[in-house]
Amino acid sequence: RNYYGGNWASFSFSGLLSWIKENQQKTDTSDECEDWRKLILENEEVISLSKKDKTIQHVEDFCFGDQDSAEDVEEAGALPKLPIFGASGAEGVAQESEKECPPMESALPEAESQEPEKATGTKPASAMEGNDTEITSENESCHSTALGKSALELGKTEAAPSEISAQEPKKITYSQIVREGRRFNIDLVSKLLYSRGLLIDLLIKSNVSRYAEFKNATRILAFREGKVEQVPCSRADVFNSRQLAMVEKRMLMKFLTFCLDYEQHPDEYQDYENSTFAQFLRTRKLTPSLQHFILHSIAMVSETDCSTLEGLQATKKFLQCLGRYGNTPFLFPLYGQGEIPQCFCRMCAVFGGIYCLRHSVQCLVVDKESGRCKAIVDHFGQRISANYFIVEDSYLSESICTNVCYRQISRAVLITDQSVLNTDSEQQVSILTVPPVDLGKPAVCVIELCSSTMTCMKDTYLVHLTCPSTKTAREDLEPVVQKLFNLNTEKETENEELEKPRVLWAVYFNMRDSSGVDKNLYDGLPSNVYVCSGPDSALGNDCAVKQAETIFQEMFPTEEFCPPPPNPEDIIYDEDEIAPEESGFSNSPETKPEPSTEESSSGGSTAVKKEDNEE
């Protein structure tokens, strides 16, 4: 691929059009060099790798906005001309790693032992939009100020007064979206980071967090009786809520307090261990609205498949994550989820690792006697030897995966003209769970991003919908899109439709979920070849972190996984050590350059900017 992150990547709008075209065509990659077979010795055999990515299917895209002469419009700062939507995507445009938006001033989640001075220039998380009171956990009060963009900062730029937000949204045309294409950073996989999740802990421990910036998710929403409502989560939110009666507030606080230490009160739930969490909630004297909030917006679990213990664990995890960085449990990386793989790539590059783009692999070379993999052969006919090989699932051929049954994820990405729930502030990062219409169907997770996340242009919102697949992505998700949004392009619409946000552009696709597949199900893989999956359907990133640590410990059982690194300027290299540029690879444009001493030590927002030669 010519971009970082595989199916975890983020794209500019033109980059996404190119990705859509590529996956709709599904052309096979021909061998550029047939001489590579001469490199295989008599006592060796090969395991051919797939040259066609089959992890993305059923890609359908639609433009609902005005396509006013978009054929002559070019993306700002880009050389290639973009065609109108529905025609071929922008050829060769994959500059999604370049961001031209100004950087946010919010700081990074620092390790708790670090100096609080690194968070200078930021406002307290309690000043975040949608956060009315300060909630911090012990020993973290000085660091809970380090995340998010304050209401005061937003007020300088994009925050609008309530009377403006009440007006009719600005009319956005397709040509404007194309022209502002680099303002978009559109994730293939939609996730949030739990503030006490494994990924945040890993980012802090490994100091990879220095290369990223984050914004708080500002509100949790629920869809009930055809309306979108805000869910009170923290103690302050509960008692400030106008939608709950005083009796309901006491009920909710009592139940949430129980969930925080439910293990200490087994007598209250052990009789319901074989029941679903929804059935258990009905026994707790909770009103239907409270049951709905807890099940779909706090625990975020299935009404039919989730046991009581699983529901209590999910609720406890949600509550434990409150208050670390803000009034919700979630963080979102500025410029999109695709920043996270690039941050790890940069840390790897700082210490000599090499990441090669546009560099495909023909086969694995296996020794017949030992059964171990010895090398790979790339499409240049070059043989590269190693002791361990990690292969992403999509590269394995069908003959290796005959016993594997994959799940699928249904995805949709929408560009809309206003929020699903308008408030005084336009800059909201919202998560909404839409319960299934029919029992047995999965709930749909909706994440709505505003322009201050650096993922979309001003006056638009980027909306991600995700659920486990039962049919094609469009069949799974379009009913939810129709409930929440106005898809009608005609001027005459009903009043009910006028109140809904208007969809300007949309894409649907199915993505393979290969998480949870046992390595033993892959036929004929050598013991030193390890398989990693693509993204899973969960909201968090725990599955990927656990998988990475498991593979690492199998290869290096005595080593620590992602230890805190020294500062690059403090490293003393041996005289006989070969510098990366003197080895078989050069620090080509595909690899990330080592940051300067100032960048590496400061942890400031400069580290998140891309270097010009990374294109």
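In this calculation the C-beta distance from Asp261 to Ala236 is compared with R0 = 25 Å, giving a FRET efficiency of 0.75.
Simple spin-label estimate for Ser385 and Glu22 gives 3.3 nm between the two label positions (7 Å along the Cα-to-Cβ direction from each Cα).
Over 30 Å apart at the Cα level, from the set Lys254/Lys458; Lys52/Lys215; Lys191/Lys441; Lys51/Lys483, are Lys254/Lys458; Lys52/Lys215; Lys51/Lys483. For the set Lys249/Lys500; Lys368/Lys519; Lys285/Lys471; Lys205/Lys374, the pairs lying more than 26 angstrom apart at their alpha carbons are Lys249/Lys500; Lys285/Lys471; Lys205/Lys374. Highest-first packing order for the peptide set 275-281, 380-386, 448-454 is 448-454, 275-281, 380-386, based on the mean count of other beta carbon atoms within 10 Å. Between amide H atoms placed 1.01 Å from N, distances below 5 Å from Gln362 occur with Val377, Asp378, His379, all of them 5 or more places distant or on a separate chain.
For Arg219, the amide hydrogen comes within under 5 Å of the amide hydrogens of Val429, Ile431, counting only partners 5 or more places away or on other chains and with H modelled in the peptide plane. Highest-first packing order for the peptide set 39-51, 290-302 is 290-302, 39-51, based on the mean count of other beta carbon atoms within 10 Å.
Applying 0.36 nm per residue to the separation of Leu39 and Gln320 and subtracting their alpha-carbon distance, the gain on full extension is 95.6 nm. Placing +1 on the Cβ of every Lys and Arg and -1 on the Cβ of every Asp and Glu, with nothing else charged, gives region 297-358 a dipole about its Cα centre of roughly 340 debye. Between Asp271 and Lys54, residue separation times 0.36 nm minus the direct Cα-Cα distance comes to 73.5 nm. In order along region 385-397, phi translates into HN-Hα couplings of 8, 6, 8, 9, 9, 10, 10, 5, 3, 5, 7, 7, 6 Hz, rounded to whole numbers, per the Karplus curve 6.51 cos²θ - 1.76 cosθ + 1.60 with θ = phi - 60° and x for Gly and Pro.
Once the C-beta distance of Tyr395 and Val247 is scaled by a Förster radius of 51 Å, the resulting FRET efficiency is 0.35 to the nearest 0.05.
Coordinate-derived values only; no laboratory data. Keep in mind that what you see is a predicted model, and the values were worked out from it rather than measured. No Cβ is skipped: glycine too gets one built from the backbone with ideal geometry, and neighbour counts run over all protein chains shown.
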